[in-house]
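Each reported figure results from applying straightforward, stated rules to the coordinates on display, with no laboratory input. What you see is a predicted model, and the numbers here were worked out from it, not measured in a lab. Don't worry about glycine lacking a Cβ; one is built from the backbone with ideal geometry, like all the others, and counts go over all protein chains shown.
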Amino acid sequence: MSEGISFEFSEDHLMLREVARKFTDSEVRPLAQQIDENEEVPLELIKKAAELDLLGIPFPEQYGGAGLGEVGYCVLLEEVARGCNSTAVIIGGQVSLGGAAIHIFGNEDQKRKYLPLLIRGERIAAFALTEPEAGSDAANIKTTAVKDGNDYVLNGNKTFTTNGSIAGVIITFAVTDKSKGTRGITAFIVESDMPGYRAGKHEKKMGIRGTYTTDLFFEDMRVPRENILGAEGEGFRVAMMTLDSGRTSLAAQCLGSAKELLDLSIKYAKERVQFGKPIADKQAIQFMLADMATDVYVMESILYRTAWMSDQKMKYSRESAIVKLFCSEAVCRVADKAVQIHGGMGYMREYPIERFYRDVRINRIYEGTNEIQRIIVARDLLKRGRY
Ligand SMILES: Cc1cc2nc3c(=O)[nH]c(=O)nc-3n(C[C@H](O)[C@H](O)[C@H](O)COP(=O)(O)OP(=O)(O)OC[C@H]3O[C@@H](n4cnc5c(N)ncnc54)[C@H](O)[C@@H]3O)c2cc1C
């Protein structure tokens with residue numbers, strides 16, 4: 001038999017799915033409504049994820065990780081997002097943004113110092129790139145880092161930082177040489193107890209309300225030179241490559257949400273009786289379920305193919321942009337149909353559908369808006385001159 005394409009998950013990935021599903025069913029889903037109402041994921045929940053070794057899934061075993069790569073990490077986030085998007089997003093900030101930046105660009109000392117802390121859940125991580133004047137135009141950041149002896153002195157502020165107020169380790173970006181454009185941006189690992197660091201208030205949001213989104217302020221904050229992540233001037237590359245991984249796992253959250261919405265819709269369509277029969281008998285409802293399943297199938301296929309490319313160390317910037325773009329739009333289509341199938345119940349806050357409908361909308365905005373993803377894909381096509 002010739003070797004070819006395999007769509008099998010490994011035994012380890014299947015076992016991980018089981019653990020993640022159990023964690024979601026017993027710990028996460030039962031709290032999801034309360035998390036949304038209180039606008040706060042209890043930090044004990046993140047500790048429990050750490051106790052189950054879930055915060056180190058993609059990282060090598062030598063740092064305390066599970067060594068299950070991007071595929072394993074997507075399995076985890078898919079399962080957690082089925083229960084609660086806020087919880088999945090906090091794990092995402094910890095692992096695929098903060099942790100991944102250190103894993104990809106950290107030197108050996110930095111990896112040994114920070115990765116075990118993050119994996120054990122002793123510190124929460126954040127990734128602070130966005131500023132008030134630099135959202136899509138990320139290269140326009142104004143935060144500066146000026147060399148002073150063995151330190152850099154950072155001044156500026158970041159906005160919309162996920163995990164901002166709970167983070168102990170923050171990957172951030174500052175201009176070290178304005179004349180060099182994107183090559184004059186440097187990435188730093190900042191610790192929240194460094195003098196001059198301050199987090200702002202918890203922003204109130206439409207969805208993923210349990211996540212901690214805050215401004216960060218750096219006022220004459222001294223950061224030792226050894227906390228530069230990557231080389232001086234390499235910060236923009238650090239940000240963009242970290243986001244490749246972040247965008248893939250964001251799509252895993254979209255997939256988990258879409259599967260949950262589809263399952264809830266199938267169940268409701270079979271139970272809800274109108275005109276003397278379950279609404280599932282109506283072709284209008286069946287067509288919506290079929291369209292939802294079509295989106296789920298495509299999402300699952302392209303997501304795991306792209307996660308596999310990442311694990312094979314292939315270049316996958318264009319693919320991660322496509323996956324982010326498709327899955328974030330597909331999950332909104334699925335959520336819209338789920339509301340429609342549930343009728344008035346889909347609009348009620350006591351039922352999870354409306355929470356998912358609000359939660360999934362963010363995926364088209366953060367980690368680069370979908371307009372920016374289209375720019376990335378189109379630029380790549382035009383540069384190569386063919387698909
Ligand atoms: C809940 C939440 C959590 C976040 N978490 C983080 C985080 O942890 N770390 C972090 O660094 N950032 C984070 N962000 C910031 C997020 O990445 C930005 O909001 C996003 O990149 C868009 O930037 P902006 O909001 O400034 O929108 P803008 O850039 O002002 O965009 C506004 C609109 O203009 C469009 N637009 C802009 N430029 C172009 C163009 N060239 N061509 C076509 N259309 C364009 C956009 O697509 C969008 O539709 C978070 C945001 C939110 C809302």
Problem set entry | Among ASP109, ASP12, ASP215, residue whose mean-square fluctuation peaks in a GNM of the chain (springs only between Cα atoms under 10 Å) | ASP109
Exercise. So what are the chain's ellipsoid semi-axes, whole angstrom, largest first, if each one is the square root of 5 times an eigenvalue of the alpha-carbon gyration tensor?
Worked result: 36, 22, 21
Exercise. So what are the ³J(HN,Hα) numbers for the range 206-223, from phi and the Karplus equation (6.51, -1.76, 1.60; θ = phi - 60°), rounded to whole Hz, Gly and Pro as x?
Worked result: 5, x, 5, 6, x, 7, 9, 10, 9, 7, 10, 10, 10, 10, 6, 7, 8, 10
Seminar exercise, completed: Highest mean packing first, using Cβ neighbours within 10 angstrom, the peptides 90-103, 281-294 sort as 90-103, 281-294
Problem set entry | ³J(HN,Hα) computed for each position of the range 165-181 - Karplus, 6.51 cos²θ - 1.76 cosθ + 1.60, integer Hz, glycine/proline x | 7, 10, 7, x, 10, 10, 8, 9, 9, 9, 7, 9, 8, 4, 5, 9, x
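First check a/c for the range 237-384, with a ≥ b ≥ c the square roots of the eigenvalues of its C-alpha gyration tensor; if it is under 1.5, answer rounded, and if not, answer prolate when a/b is larger than b/c or oblate otherwise. Let's see the in-between values first.
Details: a/c = 2.80, a/b = 2.35, b/c = 1.19.
It comes out prolate by the Cα gyration axes.
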Seminar exercise, completed: Connecting every pair of Cα atoms under 10 Å apart in the chain and solving the GNM, the largest mean-square fluctuation among TYR347, TYR114, TYR152 falls on TYR347
Exercise. Any idea which of ILE372, LEU325, ILE279 is furthest toward the positive side of the dipole for the range 237-384, if Lys and Arg beta-carbons carry +1 and Asp and Glu beta-carbons -1?
Worked result: ILE372
Seminar exercise, completed: Sorted by chain and number, the residues with a modelled amide H under 5 Å from that of THR143, at a separation of 5 or more or across chains, are ASN157, VAL175
Exercise. ALA284 versus LEU382, label points 7 Å from Cα toward the beta carbon: distance in nm?
Worked result: 4.4 nm
Problem set entry | Paramagnetic label zone (point 7 Å from Cα along Cα-to-C-beta, ALA139; backbone N under 12 Å) in the range 224-250 | 236-237
For this session: Specify the inter-centroid distance of the range 181-252 and the range 255-270, based on alpha-carbon positions, in whole Å.
Result: 35 Å
Exercise. With each label point set 7 Å from Cα along the Cα-Cβ vector, what nm distance links MET314 and GLU37?
Worked result: 4.7 nm
Seminar exercise, completed: Residue ranges of DSSP H helices in the chain that stretch 20 Å or more (Cα, own long axis) and have mean Kyte-Doolittle hydropathy of at least -1.0 are 69-83, 235-271, 283-311, 317-342, 370-384
